[in-house]
Every structure is written in structure tokens, then in C-alpha cells.
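Following: one structure in C-alpha cells, then a few remarks.
The values are calculated or read from the model by the stated rules, or taken from the named source; none is laboratory data. What you see is a predicted model; the values in this text were computed from it and never measured. Quick reminder, even Gly has a Cβ in these numbers, built from the backbone with ideal geometry, and neighbours come from all protein chains shown. For accessibility, only protein heavy atoms count, side chains too; no ligands or nucleic acids. Shrake-Rupley method; radii C 1.70, N 1.55, O 1.52, S 1.80 Å.
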Amino acid sequence: MKSTNSYLHTYIARITPKLQEIDLYIKTSDGALDPARVAGLLELSETEVAEIARSSNISQISRHDFFSIMAKGSSFICGLYRREVECGSPYIYTRGDIAYIYQIDIDQINSICDTLGIREVTAYTLPDLLAQIAV
């Protein structure tokens, strides 16, 4: 693994805790979700959440609606989620999928995969790949 300036470090330090926080909130919430809390979790303004809800005919945010809002939000975490869903959340990712989801140059992905001998990118090989990408 490379230094703490790798994409893997960023993923572990920034993305993983955010996904865990979202997961916990969704699993422990009953009824309508608080728009201010949704905005905070998704790193969106309350205005953006309200606009997305209005345009999607959402009067009260349910667990399902949370992910609809997440798919339309403008934040980093929302974009990551949206691109993952667009790729179908596959078990085996193409190199192009990884480049698209994580917004990394495809030539860099190809070079690292070739160097590491990664033929298929899975949840098991992704950390090795991300550890080689400097941020």
C-alpha cells in the first residue's frame, strides 16, 4: 500500500464513515426522515434537498426517498452513489466502471491494473487498486 495520500486512504477516511453514518440513520429511523438530517448526511443544502423532493413529488422523505434524493444530489457522496447505481453495482467491475465511478483517468486505471496483474476488479481487488492512486 502506498502512503496516506492514496485514494484508498481518502475512501477509508472520508467515504466509509459517511456510508456507515447513512446506513445507521436509515436503519434506525422510523417514519418520515428529517430533511435537515438528510441534507447533513448527504452534504447538501436544505434548499437542494427541498428542491429535489419537490421535483420528485416527495412530501415526506421515506427511506426509499432518501436514496432517490441521494441519486439526484450534487455532493461528492451523491455523485459516487449515482455513478455506482448507473453501473449496476456489479460484483465484477470493468476498468471503465472504476474510472467512471471514482472519476479517475482510465489510462491510470489500466496502467495500475496491468502492473498489479488485476484482471477483474472486485471488492477484494479494489483496495489494492485504489491504494496505488495518489490524491
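Here are a few things to note about the model shown:
- Test: residue in the range 68-80 that is over 30 Å from Tyr124 (Cβ atoms), open to solvent by less than 30 Å² (accessible area, probe 1.4 Å) and assigned to a helix (DSSP H, G or I): yes
- In the range 96-108, the residues that are at positive phi reach residues that are part of a helix (DSSP H, G or I) and surrounded by fewer than 17 Cβ atoms within 10 Å (Cβ to Cβ) with C-beta atoms within less than 9 angstrom, at least six apart or across chains, in these pairs: Gln103/Gly79; Gln103/Arg83.
- Take the conditions (1) part of a loop (DSSP other than H, G, I, E, B); (2) buried (at least 18 other Cβ atoms within 10 Å of the Cβ); Ser59 misses just one of them, which is (2).
- When the residues of the range 33-63 are filtered to those that are at pLDDT 95 or above and charged (D, E, K, R), the one that is farthest from Glu21 (Cα to Cα) is Arg54.
- Qualifying residues in the range 36-56 (those that are under 17 Å from Phe76 (Cα atoms) and among the small types (Gly, Ala, Ser)) - the one least open to solvent (accessible area, probe 1.4 Å): Ala39
- Scanning the range 112-123 for residues that are open to solvent by 60 Å² or more (accessible area, probe 1.4 Å) and at pLDDT 95 or above turns up Asp114, Thr115, Leu116.
- Every test in (1) exposed (fewer than 15 other Cβ atoms within 10 Å of the Cβ); (2) in contact with a helix residue (DSSP H, G or I) (Cβ under 9 Å, 6 or more places away or on another chain); (3) part of a helix (DSSP H, G or I) is passed by Gly88 save one, and that test is (3).
- Condition met for Arg95 (open to solvent by 40 Å² or more (accessible area, probe 1.4 Å) and farther than 20 Å from Tyr11 by Cα): no
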